[in-house]
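A short write-up of the structure that comes next.
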Amino acid sequence: MVRSILLLILPLLTLNTLMAQGGPVSGKEDLLRFLQEEGPRDRVNIEVDSLLVANYNKLITRNMQTTGIPGYRIRIFSESGLGAKQAQQQVRARFLSLYPGLDAYNEYDEPFFKVYVGDCRTKSEALKLQDRIRKDFPNSIIREDYIQLKHGD
């Protein structure tokens, strides 16, 4: 069952990628709907389970809301309670003064104030950065995140 679902989803994702690159259905936002409503009816008849369509639509919506690309960041601070927000700002300022070429991001994940640093495309790159900052931030943790590409990348 899982294999048949994957065999159905894989071509849809491939076609969705082609559509994003200006393929034959350029201008359409939802490839599945295009194929069901406007596609070549004499060659393709698509019948899809409603749960599969719902999950497909959730994936499309999530991808439209996501900015950046998958990568890694390093958490150097996470605290809650009184004074946590001020401590977050101080840690970020300290990091930026010690490592001026790197970016630092404040994040609030209730009830924790956190600081993440770096825009690493690979885990290897994140490990190198973590080794570099470990002396100043010994409790750093690597996590997967969506990162921003620099103009030179």
Any chance R75 is more than 21 Å from the chain's Cα centre (by Cα), modelled with pLDDT of 95 or more and not acidic (D, E): no
Selection within region 67-92 - among the polar types (S, T, N, Q) and either under 12 Å from N106 (Cβ atoms) or buried (at least 17 other Cβ atoms within 10 Å of the Cβ) (or both): S78, Q86, Q88, Q89, Q90
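Here's the yes/no breakdown for (1) in contact with a strand residue (DSSP E or B) (Cβ under 9 Å, 6 or more places away or on another chain); (2) at pLDDT 95 or above:
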| site | (1), (2) |
| --- | --- |
| I60 | no, no |
| T66 | yes, no |
| L82 | no, no |
| V91 | yes, yes |
| F95 | yes, yes |
| L102 | yes, no |
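The values are calculated or read from the model by the stated rules, or taken from the named source; none is laboratory data. Just so it is clear, the structure is predicted and the values come from calculations on it, not from any experiment. As a convention, Cβ positions derive from the backbone with ideal geometry for all residues, glycine included, and neighbour counts pool all protein chains shown.
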